[in-house]
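The structure appears right after this line, and notes come after that.
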Amino acid sequence: MHGRKAILEVARREQMWEALSSWFESNARDLPWRHTRDPWQVLVSEVMLQQIQVQRALPFYERFLARFPTIESLADAPLAEAIRVWDDLGRYRRVVYLHKTARIVMQEHDGLIPSEPEELLRLPGIGPYTAGAVACFAYEKDAAFLDTNMRRVLHRYFFGLKPATTVADKELLSIATELVPPKRGWRWNQA
């Protein structure tokens, strides 16, 4: 167990950055949302990937973006059509929120998806993870956020193999925030 204090040691931080970056270089899957900084495409991927395996989401992602290539195209479409295109991906509340978000972005943000996590959090169905992911993956902001894999890695590295329930997300997010390497947040969070 490394303990909380280890995070402040620059050498240890850089060692962790290099190890994770090297692992990512060798093991990263070639995914379409990793080849774009388009905020709309990133938002769609993040909404679809919530509790859905990547392999299952891929064909839905491609089909959805083929029909709704821009946020404006979704905002202009009837909700029923968006649900039909979402098809049997399930969790239909997500597409309802995405549709509402598209309309709000068109009306209140001149069609531009906000780049700051705080602004993104004001949109329907967007929580802390999605807000941070969109800011990072679309706008290359050095944002920190947590998903299941990030929680597991941080917990194991800093707190050992104790049950994950012993560490609050607030503390893990604080560690994640300190770990985001300046100007390399996109790569770090992808890894």
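Bear in mind these aren't lab numbers, they're just calculated from the coordinates by the rules spelled out. Source: prediction; values computed, not measured. When we count neighbours, we look across all protein chains shown, and the Cβ atoms used for this are built from the backbone with ideal geometry, even at glycine.
Report, in degrees rounded to the nearest 10, the 0 to 90 angle that the Cα long axis of helix 54-67 makes with the longest principal axis of the chain.
Helix 54-67 sits at roughly 40 degrees to that axis.
Grab the other residues whose beta carbon is less than 11 angstrom from that of Gln51, score K and R as +1, D and E as -1, and report the net.
So the environment of Gln51 carries a net charge of +2.
At q = 0.12, 0.14, 0.17 Å⁻¹, what is the base-10 log of I(q)/I(0) for the chain according to the Debye formula with one equal point scatterer per Cα and no solvent? Please give it to two decimals.
Here the Debye-derived log intensity ratios amount to -0.63, -0.82, -1.12.
From Cα pairs below 8 angstrom and at least 6 apart in sequence, can you work out the relative contact order of the chain, rounded to a whole percent?
27
Put a dot 7 Å past each Cα toward the Cβ at Ser21 and Lys100; how far apart are the dots in nm?
Here the modelled spin labels are 4.1 nm apart.
Rounded to the nearest 20 Debye, what is the dipole magnitude of the chain about its Cα centre when Lys and Arg each give +1 and Asp and Glu each give -1 at the C-beta? Display every interim value, and only then the final one.
Working: 26 positive and 24 negative charges, 144 e Å.
Computed about the Cα centre, the dipole is about 680 debye.
Translational D (Stokes-Einstein, µm²/s) of the stretch 111-191 at 20 °C and 1.002 mPa s when Rh comes from the Kirkwood sum over C-alpha pairs?
163
Placing +1 at every Lys and Arg Cβ and -1 at every Asp and Glu Cβ, with all other atoms neutral, what dipole size does the stretch 128-191 have around its Cα centre, in debye to the nearest 20?
Computed about the Cα centre, the dipole is about 180 debye.
Kindly provide the helix-only [θ] at 222 nm of the chain, computed as the sum of -39,500 (n - 2.57) over DSSP H runs of four or more divided by all residues, to the nearest 500 deg cm²/dmol?
Helix contribution divided over all residues of the chain: -18500 deg cm²/dmol.
Gain in length, Arg151 to Glu171, computed as 0.36 nm per residue apart minus the alpha-carbon separation, to one decimal in nm?
Length gained, Arg151 through Glu171: 6.2 nm.
Given a Förster distance of 30 angstrom, what is the FRET efficiency for Arg29 paired with Asp142, based on the Cβ-Cβ distance and rounded to 0.05?
Calculated transfer efficiency: 0.85.
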